[in-house]
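Below is one structure; the comments refer to it alone.
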Amino acid sequence: MRYNSNHESRITNHVQRRARGFTLLEMIVVIAITGIIGAAVAIFIRQPVAGYIDAARRAELSDIADTALRRITRDLRTALPNSVRVDPTGRYIEYLQTSGGGRYRAEVDSGGLGEPLNFGALDTQFDVIGPMPSLAIGDQIVIYNLGPGTGSTDAYTGGNRTAFLSLGVAPIVNIAAKQFPFASPGKRFQVVQHPVTYACEAGVLRRYWGYAIAPAQPVPPAGGSSALLATNVNVATCRFSYATAGGAAPTGVAAVTLEISQSGESVRLFQQVHVSNVP
């Protein structure tokens, strides 16, 4: 019985010691070891994590800039021939947006029928040869546009532009009374919807549209609508330019430089757009 009593006492003491848990020294050792391991792990993973974050930020900035440039490119390809213009600072580019165009009848047919467009007097209607373009109230009909500074062949001043009124008996188009100054060599007319401006201003890239057509380029336009395309734009490096080989060049080239910066990262993209100038 004495043996069993001693054995039970040792077991009880062992259980009591186990029930007391960790000692303060043991906790300090565990904390120190955990801190050493955490610091070692942080040293090894800090650079890869920082690199991933930087790469993700650059990818996001590139995507924003690329999307904006694609939108500008797509829009400029709908510009009325010879309507693109850039202000002296290079921060505003404007053009007249078209929804399409077609060919007008220049002479009556062999049977003496048809409604040709009269360039010798005021006229209010003409036949469309071929497919009828999309037309809506508020659209403008433009013929033989040669661009800013060309007098009566400048759509911004209105010498070769008049309002679309309605569709007559197919294929007749009714327009506000107008005597167009010059015929198009290709018997073409364009349908202008409204002017559009892209602007780098106050750290953003903004699109304006639907404002009134004006002889002088507005910077920025008043009225109409606007939409934000990109923020964190470096206005000092944002530039638009436009050049042709001459006044009657069949194509022009618009160039856009766009730089976006955020959290110490910068992305700069450059885009060139070929614009048809055949009136």
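At full extension, L24 and E60 could sit 8.0 nm farther apart than now, given 0.36 nm per residue minus the alpha carbon distance. Taking R0 as 25 Å, what FRET efficiency do you get between N234 and T78 from their Cβ-Cβ distance, rounded to the nearest 0.05? The value I calculate is 0.35. Whole-Hz Karplus values for the stretch 95-105 come out as 7, 9, 7, 10, 9, x, x, x, 10, 9, 6 Hz, taken residue by residue from phi with 6.51 cos²θ - 1.76 cosθ + 1.60 and θ = phi - 60°; glycine and proline positions read x.
Could you work out the Rg to Rh ratio of the stretch 63-276, with Rh taken as the Kirkwood radius (inverse of the mean 1/r over all Cα pairs)? Each step should come with its number before you reach the end.
On the way: Rg = 19.2 Å, Rh = 18.4 Å.
My calculation puts Rg/Rh at 1.04.
Ranking of I31, I143, I175 by neighbouring Cβ atoms within 10 Å, starting from the fewest: I31, I175, I143.
Only the coordinates and a few stated rules stand behind these numbers; no lab work does. Small disclaimer: the values here were computed from a predicted structure and weren't measured. Note that we place each Cβ from the backbone using ideal geometry, even for glycine, and neighbour counts take in every protein chain shown.
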